[in-house]
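Novice: This is the structure I want to talk about, given as structure tokens.
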Amino acid sequence: MESHKKLVIGLFGFGVVGEGLYKILQQTPSLHASIKKACIKHPGKKRNAPESLFTQNGDDLLNDPEINVIVEVIDDADAAFKIISTALKNGKAVVSASKKMIAEHLREILDLQKETGMPFLCESAACASIPVIRNLEEYYDNDLLHSLKAIVNGSTNFILTKMFEDKLNFTDALILAQQLGFAESNPKLDVEGYDAVNKWTILLNHAYGIVTDISKILFTGIQNITLNDAEVAQSRHYDIKLVANAKKLSTGKVAAFVLPHFVTLDDQLAFVKNEYNGVVIESGFADKQFFYGKGAGSLPTGSAVLSDISALRYGYKYEY
Ligand code: HSE
């Protein structure tokens, strides 16, 4: 995309992330990027934007020649894949936050990107405000990446923090995570580890190339952790975290899983509280690095979408 060109955005979804992006773009005029139309499913809802911005017809966006960027931040993975495929085929750059859709369609997205020559970026799909995808893509040599461990789901980390620090029970902590806009509309996706394994699939894809099929990652969530477990762990000077892990084996294969872990209090991941995420990367020569930042929420996630929009200006694409 030419660097001087105005970015005219067609936005699919105006929920927590879509609205966050809308607010951010209003405060960043120097980016010369604005939302021309936003496609929504439920027109009756009260939204903090003029009615004229909205349509229910996705074709209004996908077939508008002036729109050169499609930002897709909807919940439904099947619908999201249709949208991003059509957008790329119609010659539009795409930015997406749909982790389930991306995790399930990695290969097809890669093929579409190659076939159409259009960029597909998804920094917001894992660890929200932490620029970890671009770092995995650009900074590290795949062969030198020894291991990664991370907290990639903000809601479960928030729930565990509230159980440990405020003695809140699981259900009350989950309700709070929902009220704050961290949880998925179906919170089972967070609690049972589905969201984390989707994000882990995406991150490992960017870390190691397409070596990780989602079905090969063993995972479970925090659904069975009780306030009593938290108290016992605490009495023994441990924290409990939902940890995503990956290790490169001597065979060259990558062993990966997402499971609740006891974490010692001096572990970097013990430092990650509430809706924050953290990623610890061990690699040859660089040794150990720790990335930390907000992993959920309207503006932190919107900021990652914004960084992708901005990266389109200088023609950034994942090489895989
Ligand atoms: N439900 C997700 C989380 C939102 O809690 O991490 C951000 O992807």
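A short reminder: the numbers here are calculations on the coordinates, not readings from a lab. Fair warning: this is a prediction, and the values are worked out from it, not measured in the lab. With ideal geometry, Cβ positions are generated from the backbone for all residues, glycine too; neighbour counts draw on all protein chains shown.
Novice: Filter the trypsin sites (Lys or Arg not before Pro) in the stretch 28-76 to those in DSSP coil with at most 12 other Cβ atoms within 10 Å of their Cβ, and list the result. Intermediate values should be presented prior to the final figure.
Specialist: Numbers: sites: Lys36, Lys37, Lys41, Lys45, Lys46, Arg47; in loops: Lys41, Lys45, Lys46, Arg47.
Here the sparse-neighbourhood loop sites are Lys45, Lys46.
Novice: If you keep only loop residues by DSSP, which GluC sites (Glu not before Pro) in the stretch 15-81 have at most 16 other Cβ atoms within 10 Å of their Cβ? Each step should come with its number before you reach the end.
Specialist: On the way: sites: Glu19, Glu51, Glu66, Glu72; in loops: Glu66.
Those satisfying the criteria are Glu66.
Novice: Counting pairs of alpha carbon atoms under 8 Å apart in space and at least six apart in sequence, what relative contact order in percent does the stretch 195-259 give?
Specialist: Numbers: 65 pairs, mean separation 24.1, N = 65.
Relative contact order for the stretch 195-259 comes out at 37 percent.
Novice: If you build a Gaussian network model of the chain, linking Cα atoms that sit under 10 Å apart, which residue out of Ala183, Ala33, Ala304 swings the most?
Specialist: Ranking Ala183, Ala33, Ala304 by mean-square fluctuation puts Ala33 first.
Novice: Right, something else. Can you grab the distance from the C-alpha centre of the stretch 274-314 to the C-alpha centre of the stretch 181-198, Å, no decimals?
Specialist: 19 Å
Novice: Given Cα pairs under 8 Å that are at least 6 residues apart, what percent is the relative contact order of the chain? Don't jump to the answer; show the numbers that get you there.
Specialist: Working: 658 pairs, mean separation 74.3, N = 320.
Relative contact order comes out at 23 percent.
Novice: Based solely on its DSSP helices, what 222 nm [θ] is calculated for the chain when runs of n ≥ 4 H residues each add -39,500 (n - 2.57) and the sum is averaged over all residues, nearest 500 deg cm²/dmol? Walk me through the intermediate numbers first.
Specialist: Working: 12 runs with 118 residues, N = 320.
Estimated from H runs of four or more residues: -11000 deg cm²/dmol.
Novice: Output the pairs from Lys23/Lys99; Lys41/Lys317; Lys188/Lys247; Lys46/Lys167; Lys82/Lys241 with a Cα-Cα distance over 32 Å in this structure; if there are none, say none. Let's see the in-between values first.
Specialist: Numbers: Lys23/Lys99 22 Å; Lys41/Lys317 30 Å; Lys188/Lys247 27 Å; Lys46/Lys167 35 Å; Lys82/Lys241 35 Å.
Exceeds cut-off: Lys46/Lys167; Lys82/Lys241.
Novice: With just the Cα atoms defining each centre, how far is the stretch 201-254 from the stretch 55-69? Give it in Å.
Specialist: Answer, in whole Å: 39.
Novice: With springs connecting C-alpha atoms under 10 Å apart, model the chain as a Gaussian network and identify which of Asn245, Asn186, Asn198 has the largest mean-square fluctuation.
Specialist: In the Gaussian network model the winner is Asn186.
Novice: Have a look at Asn169, Asn277, Asn224 and tell me which one the Gaussian network model of the chain (Cα, springs below 10 Å) gives the largest fluctuation.
Specialist: Residue with maximal mean-square fluctuation among Asn169, Asn277, Asn224: Asn224.
Novice: Restricting to DSSP loop positions (anything but H, G, I, E, B) with no more than 13 other Cβ atoms inside 10 Å of their own Cβ, which trypsin sites (Lys or Arg not before Pro) remain in the stretch 235-292?
Specialist: On the way: sites: Arg236, Lys241, Lys247, Lys248, Lys253, Lys273, Lys288; in loops: Arg236, Lys253, Lys273.
Qualifying residues, ordered by number: Arg236, Lys253.
Novice: Can you give the Rg to Rh ratio for the stretch 1-145, taking only C-alpha atoms and Rh from Kirkwood?
Specialist: Details: Rg = 15.4 Å, Rh = 15.9 Å.
Value, to two decimals: 0.96.
Novice: P(r) for the chain: what percent of alpha-carbon pairs falls in each 10 Å bin, starting at zero?
Specialist: Result returned by the calculation: 6, 28, 34, 23, 9, 1, 0.
Novice: Where does each of Tyr318, Tyr194, Tyr139 land when they are ranked from fewest to most other beta-carbon atoms within 10 angstrom?
Specialist: Details: Tyr318 18, Tyr194 21, Tyr139 12.
Listed from fewest to most nearby Cβ atoms, that is Tyr139, Tyr318, Tyr194.
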